[in-house]
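What follows is a set of notes on a single structure, which appears directly below.
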Amino acid sequence: MKKTTVLLLAGGFTAVSACKSTQTDTTATGMTTENTTTAAASNASAETDLDYPETKKIDHIDDYFGTPVADPYRWLETHNEEVDEWIEEQNEVTQEYLSNIDFRDKIKSRLTEIWNYPKYGAPFKENGKYYFYKNDGLQNQSVLYVQETLEAEPKVFFDPNKLSEDGTVALTAFAFSEDGRYIAYGTSSGGSDWNTYHIMEAATGKKLDDQLDWVKFSGPSWYKDGFFYSRYDAPTEGNKLANKNEYHKVYYHKVGTPQSQDQLVYEDKQHALRNFYGQTTDDERFLILNVSEGASGANALYYKDLQDPKSTIKPIVENFESEYNVVDNMGDKLLVMTNKNAPRYRLVLIDPKKPQEQHWKTVVPENENVITGVSTVGGRIIVTYMKDATSQVVVFDNNGKKINDVELPGIGSVGGFNGEKEDTEVFFTFTSFTSPPTIYRYDVPANKVSLFRKTEVNMNTDAYETKQVFYTSKDGTKVPMFIVHKKGLELNGQNPTYLYAYGGFNISLTPSFSIANMLWLENGGVYAVPNLRGGGEYGDDWHKAGMTPNKQNVFDDFIGAAEYLIAQGYTSSERLAVAGGSNGGLLVGALMTQRPDLAKVAIPAVGVMDMLRFHKFTIGWAWVPEYGSSDDAAQFRNLYGFSPLHNIKEGVKYPATLVKTADHDDRVVPAHSFKFISELQDKGAPGNPYLIRVDVRAGHGAGKPTSLVIQEYADTYAFIYENMGINPYQNQNQ
């Protein structure tokens, strides 16, 4: 397919498909657990009572099928001056609490120190030149470089840091025209999902006057002297970060013309809640429309033959029962990755003129491992598989005959293998929990892997080990979990442990390097990542086992992971922190309300906390296939049973909680977090702090400047250590 670098999200999924937040790459050095633990935290007692801001309540009750549900904080759903004042008051309390932790600045200093190393992206080729992203260390945004050959001196090609003084304007998409003359690129301000598209001349860097507004869940896909893209109508003023997104449309923009003259290519006036993502094949033969009705992953597939002037957009698949992702075309046929009758995916060749399944040709059949990525390079089909959440790569010919395996440097995750059909070389990255991303060059015809660029960090990563265990969930299901810690760790039940998970939207958590996690590990901590149901680690069946009405399975799996870590002596409830973002924030909220005794600290970030109203805002309606909807009686009862906001009980002592959100989050609107913390502060028993940290000029996580990310991690770790009674620098002369 036409190459478009979409940078808005990490992890290989589109913005419409999920509500996942991103974690930024991060690292640190070594202390034993005995050196990091103390009887009490620095400046706070074990029992903490705080003077929270007074949050007003309104008399509002909704009736759900005869069940009255109070919503006293409904007013926090609106963005106005009163809400801004409330945010400011909450942030003041939180920052005062955090500023009184005397080792917070040491954590930030150490994070800044170890964060400051060069970070490279894998090279990619355009019109004979090599391009790659690089961050010198502490730059807020990564810079795009170009070089004539791999041996030539790299030159800055595009520096997103110049888009704003504070680094809060991020590059979100980047695509070259076929002739290499123009580049279409997208920017996002303050972490919003709203994008603005621009065009510049590749040779001169001159920015043209073209400006396309209100782009969302899209990528520019070039065709001749313009490109296809998707957008919404301009939202009503006043609440543009919360308004429901409806009637997505596909347009064609011709270079040098105003947006008002863009050609409407496709719309659906009968289905307000469908999204359309348009892409052209590499040879510009076909326009492909991926059509989604929600974030379950299932989609319909439409196409247009761009070589035929009389061609119209026609369906290949019209239902929303399975996933269909066009990898490329082979002449007049389409190579499609699908889980239709193949929960772990297969590759099929489809003639769009005869799209019925009986005419499909299976090229690469389903096997015991999950296909996670496919590319067509050098006359080969390169398929990335996932086995127990780790990567394997196999090369096939165009008829589906296996040619060879690609030898990987170890057990971990790979990314890349992106190239043109005629390329004979391609690059990929390999990473694990304790290995920073290393870039390799792959010679396709020779099946030769060679080291291209090794990442060097300022610490001994060999001092740590990763193991994978399988524990038993409540219903007997075996669930895998990665556990990372220092070699020689003593299982004495006293190790501070950070349990992070997601569990939804068919998204897999595979081994990946985080410099921030390394700080946790060097201070004697344990980092654990369970692969919960609802994710994609074992294909569509694993995903569906965690979707409505089975969402409780995900929470049970998470609870089971915590219980395993405690039972095996890794930690105790007093030394356990649970964390997750977006759908993972819901996960943490559910664990808190269902098992408040299980963890000492809870960090729900940008979480979906109001399960009765999530579908009322921005793209929240797309999550209904995953969660269900309170508009349905049976689904309401299920949602009401686990909705974190609605299951906070009076007088219960909940874990020390730091809710994290951002004022520009238009994916999971911050009202979820606002209402949750208000309820928690009002009802939770005293003894633990219940705080909220609201980032200003930030969004769901993507594109956040490095400086803000470091500060967020410093605040988070300081909060965790403080409430575990640990000073990580107690015995260091710093």
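The values are calculated or read from the model by the stated rules, or taken from the named source; none is laboratory data. Because the structure is predicted, anything quoted here is derived from the model rather than measured. Counting neighbours? That spans all protein chains shown, and the Cβs are built from the backbone with ideal geometry, glycine included. We work out accessible area using only protein heavy atoms, side chains counted, and drop any ligands, DNA or RNA first. Shrake-Rupley method; radii C 1.70, N 1.55, O 1.52, S 1.80 Å.
Counting only residues that are of a type in the set (Asp, Glu) and surrounded by fewer than 24 Cβ atoms within 10 Å (Cβ to Cβ), which one in the range 185-233 is farthest from GLU246 (Cα to Cα)? Among them, the one singled out is GLU201.
Filtering the range 148-200 to residues that are in contact (Cβ under 8 Å) with a residue 40 or more places away in the chain, under 30 Å from ASP695 (Cβ atoms) and charged (D, E, K, R) leaves ASP166, ASP193. A search for C-beta distances below 7 Å between a residue of the range 627-641 that is surrounded by fewer than 19 Cβ atoms within 10 Å (Cβ to Cβ) and any residue that is assigned to a loop (DSSP other than H, G, I, E, B), counting only pairs 6+ apart in sequence or on different chains, returns ALA633/PHE65; GLN635/THR548; GLN635/GLY628; GLN635/SER629; TYR640/LEU612.
Taken over the range 560-575, residues that are out of contact with any helix residue (DSSP H, G or I) (no Cβ under 7 Å at 6 or more places or on another chain) and β-branched (Val, Ile, Thr) amount to 0.
Residue-level check: of (1) more than 30 Å from GLN711 (Cα to Cα); (2) within 22 Å of the chain's Cα centre (by Cα), ARG637 misses just (2).
Tell me yes or no: at least one residue of the range 520-530 is surrounded by fewer than 24 Cβ atoms within 10 Å (Cβ to Cβ) and under 15 Å from the mean Cα position of the chain (by Cα). Checking the range 520-530: not a single residue is surrounded by fewer than 24 Cβ atoms within 10 Å (Cβ to Cβ) and under 15 Å from the mean Cα position of the chain (by Cα). Against the conditions (1) in a loop (DSSP other than H, G, I, E, B); (2) surrounded by 19 or more Cβ atoms within 10 Å (Cβ to Cβ); (3) without any contact (Cβ under 8 Å) to a residue 40 or more places away in the chain, GLU54 satisfies every one except (2). With respect to (1) open to solvent by 20 Å² or more (accessible area, probe 1.4 Å); (2) at pLDDT below 50; (3) under 22 Å from THR497 (Cβ atoms), the lone exception for THR26 is condition (1).
Here's the yes/no breakdown for (1) among the hydroxyl-bearing types (Ser, Thr, Tyr); (2) under 20 Å from the mean Cα position of the chain (by Cα); (3) at pLDDT below 95:
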residue: ILE371; (1), (2), (3): no, yes, no
residue: GLY379; (1), (2), (3): no, no, yes
residue: TYR385; (1), (2), (3): yes, yes, no
residue: LYS402; (1), (2), (3): no, no, no
residue: ILE411; (1), (2), (3): no, no, yes
residue: THR424; (1), (2), (3): yes, no, yes
residue: PRO445; (1), (2), (3): no, no, yes
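Scanning the range 565-618 for residues that are small (Gly, Ala, Ser), open to solvent by less than 10 Å² (accessible area, probe 1.4 Å) and under 19 Å from the mean Cα position of the chain (by Cα) gives ALA579, GLY580, GLY581, SER582, GLY584, GLY585, GLY589, GLY607. When the range 523-557 is filtered for residues that are over 18 Å from GLU321 (Cα atoms) and hydrophobic (A, V, I, L, M, F, W, C), the ones remaining, listed by number, are VAL526, ALA528, VAL529, LEU532, VAL554, PHE555.
The test for being crowded, with 22+ Cβ neighbours inside 10 Å, under 24 Å from VAL383 (Cα atoms) and in contact with a Gly (Cβ under 7 Å, 6 or more places away or on another chain) does not hold for SER413. Scan the range 309-328 and tell me whether some residue there is farther than 26 Å from ASP423 by Cα, part of a strand (DSSP E or B) and within 25 Å of the chain's Cα centre (by Cα). Within the range 309-328 (the criterion being farther than 26 Å from ASP423 by Cα, part of a strand (DSSP E or B) and within 25 Å of the chain's Cα centre (by Cα)), the answer is no, since none of the residues qualifies. Restricting the search to strands (runs of 3 or more DSSP E) fully inside the range 337-385 and requiring at least 3 residues that are open to solvent by less than 10 Å² (accessible area, probe 1.4 Å) gives 346-350, 370-377.
Checked against the criterion of being open to solvent by 10 Å² or more (accessible area, probe 1.4 Å), closer than 26 Å to THR429 by Cβ and free of Cβ contacts under 8 Å to residues at least 24 places away in the same chain, the candidates LYS467, LYS487 yield just one match: LYS467.
Can you name every residue in the range 69-93 that is open to solvent by 60 Å² or more (accessible area, probe 1.4 Å) and over 24 Å from TYR640 (Cβ atoms)? Show your work before the answer.
Narrowing the range 69-93 to residues open to solvent by 60 Å² or more (accessible area, probe 1.4 Å): 70, 78-79, 81-82, 84-85, 88-89, 92.
Matches in the range 69-93: HIS79, GLU81, GLU82, ASP84, GLU85, GLU88, GLU89, GLU92.
Number of residues in the range 154-177 that are open to solvent by 20 Å² or more (accessible area, probe 1.4 Å), in a loop (DSSP other than H, G, I, E, B), modelled with pLDDT under 95 and not small (Gly, Ala, Ser) equals 3. Inspect all residues belonging to the range 58-68 and state whether any of them is surrounded by 13 or more Cβ atoms within 10 Å (Cβ to Cβ), modelled with pLDDT of 60 or more and closer than 30 Å to GLY641 by Cβ. Yes, some residue in the range 58-68 is surrounded by 13 or more Cβ atoms within 10 Å (Cβ to Cβ), modelled with pLDDT of 60 or more and closer than 30 Å to GLY641 by Cβ.
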